[in-house]
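Accompanying notes for the structure given below.
The values are calculated or read from the model by the stated rules, or taken from the named source; none is laboratory data. Given the structure is predicted, the values throughout are model-derived calculations rather than measurements. Glycine gets a Cβ as well: all are built from the backbone with ideal geometry, and neighbour counts include every protein chain shown.
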Amino acid sequence: MQILQTAAALQAQTETWRREGQRIGLVPTMGALHEGHLQLVRAAAQECDVVVVSIFVNPTQFNNPEDYRLYPRLPEADAELLGPAGCTALFLPSVEEMYPRPTVLHFDFGSLERVMEGAHRPGHFNGVATVVSKLFHLCRPHRAYFGQKDFQQVAIVRQLVQDLSFDLELVAFPTIREADGLAMSSRNRRLTPEARLVAPALYRALQQAEQLVHQHNTPDAIRIAVAELLGQEPSITLEYFEVADAETLQPVSEWKPNQTIALCLAAQLGGVRLIDNVVVKTV
Ligand code: AMP
C-alpha cells in the first residue's frame, strides 16, 4: 500500500490509473478506523481495481473546537489495518495541504440541511461538501463509498454529486454495529466504560421506534415515546430524535403508504456526541 501525502501525488497516481483503465474506488474517512470503515474498504476492493482511502480530520466540518481537538487520531494503527482490507493507496494530507488558503465558497443544500445534523451543527455540511468536492476532484473515483450511519451526509453528498455533475457512482453502505447494537464510530473510543455500557440504549430506542411504526403509532406518539425512553437514562442527553422522510429528510406528521422513513437521533453521552438511525418502510 502506498501512502500519499500531497494533493499532487494523489492526482498523479489516480490519473495514471485512469489512463490504464483501472476502476478507482474512494473511501473518505477521518481515521481512527473501525470495522465499519474496513467493511467499506473491503466492498470497494471487491468492486473496483484500486482503492484510495483518505484519512483527514477535516477542520471545516467541526462546529465544536473541542470535538475537533479531541477527535481520535491514530494514523499508524490505521495504516496497518488498511493494507489487509484491500486499500491500494492511503491519502493522508495535512490541513495545510487541503486548505493552503481559507475557502470562501459556500454550499447551501436548502431544506436538506435545515434539519437534524445541519440544524444542530451550523456549518457542518458546508465543511463536508467542501472536503468531499476536493477529494472527488483530486481522486476522480469511479465509485465513492459512504456509510448510512451518517444518513443525512449521504443525502447531502448525493445532492452534491447531482448538482455538480461528478461522474461517479455513490455507494451507500449499511451501518455496521457492535454485538450489543451500538453503531460503530470513531467517537466510541472516547466513551468511558460506564458510558459505553449505557450507549446501546440509543439503538434500542430506535428499534423500539421501528416497532411503533409497524404498530401504526403516529409520528408524534413515536417522538414522545423515544424522548421518554431515553429520558430514563440520566447520562444520556437527547439532542434530537426525528421521524423523517428518507428522501427529503423533512419531518413527517402523518404516514403515507409505502413511505421510506428514517428514524434519526443524536445524543450526548458523557461529553461524546453520537448519532444513529434506522430506516423503515410504512405499509
Ligand atoms: P468517518 O471517519 O466517521 O467520517 O466515517 C467515514 C465513512 O465511514 C463515512 O462514510 C461513514 O458514514 C462511514 N461509517 C462510519 N461508521 C460506520 C459504521 N458503523 N457503519 C458503516 N459505515 C460507517
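List of remarks:
- Tally, over segment 233-254, of residues that are touching a residue at least 24 places away in the same chain (Cβ under 8 Å), assigned to a loop (DSSP other than H, G, I, E, B) and closer than 22 Å to GLN268 by Cβ: 3
- Meets criteria (modelled with pLDDT of 95 or more, in a helix (DSSP H, G or I) and more than 23 Å from SER133 (Cβ to Cβ)) for GLY21: no
- The residues of segment 168-195 that are surrounded by fewer than 19 Cβ atoms within 10 Å (Cβ to Cβ), over 15 Å from the mean Cα position of the chain (by Cα) and touching a residue at least 24 places away in the same chain (Cβ under 8 Å), listed by number, are LEU168, GLU169, GLY181, ARG189, THR192, GLU194, ALA195.
- Complete set of residues in segment 183-221 that are touching a helix residue (DSSP H, G or I) at 6+ places or on another chain (Cβ under 9 Å), over 18 Å from ALA246 (Cβ atoms) and within 14 Å of the ligand (Cβ to nearest atom): MET184, SER185, SER186, ARG187, ASN188, ARG190, ALA199, LEU202
- Residue check for VAL132: more than 9 Å from the ligand (Cβ to nearest atom) and part of a helix (DSSP H, G or I): yes
- Qualifying positions in segment 128-161 - under 13 Å from the mean Cα position of the chain (by Cα) and of a type in the set (Gly, Ala, Ser): ALA129, ALA144, GLY147, ALA155
- Note on segment 113-124: residues that are over 18 Å from ILE55 (Cα atoms) and either crowded, with 23+ Cβ neighbours inside 10 Å or within 15 Å of the chain's Cα centre (by Cα) (or both) amount to 5.
- Picking from residues in segment 146-163 that are near the ligand (Cβ under 7 Å from one of its atoms) and in contact (Cβ under 8 Å) with a residue 60 or more places away in the chain, the one that is surrounded by the fewest Cβ atoms within 10 Å (Cβ to Cβ) is GLN148.
- Taken over segment 59-84, the criterion of being buried (at least 18 other Cβ atoms within 10 Å of the Cβ) and more than 16 Å from SER185 (Cβ to Cβ) is satisfied by THR60, ALA79, LEU82.
- Listed conditions (1) farther than 20 Å from THR130 by Cα; (2) β-branched (Val, Ile, Thr); (3) within 16 Å of the ligand (Cβ to nearest atom) are all met by THR88, apart from (3).
- No other residue among GLU35, GLU66, GLU20 is among the charged types (D, E, K, R) and in contact (Cβ under 8 Å) with a residue 24 or more places away in the chain apart from GLU35.
- The residues of segment 1-50 that are in contact with a His (Cβ under 8 Å, 6 or more places away or on another chain), of a type outside the set (Val, Ile, Thr) and crowded, with 17+ Cβ neighbours inside 10 Å, listed by number, are GLY25, CYS48.
- Some residue of segment 221-232 being part of a loop (DSSP other than H, G, I, E, B) and among the hydrophobic types (A, V, I, L, M, F, W, C): no
- Test: residue in segment 103-122 that is within 14 Å of the ligand (Cβ to nearest atom), touching a strand residue (DSSP E or B) at 6+ places or on another chain (Cβ under 8 Å) and on the phi < 0 side of the Ramachandran plot: yes
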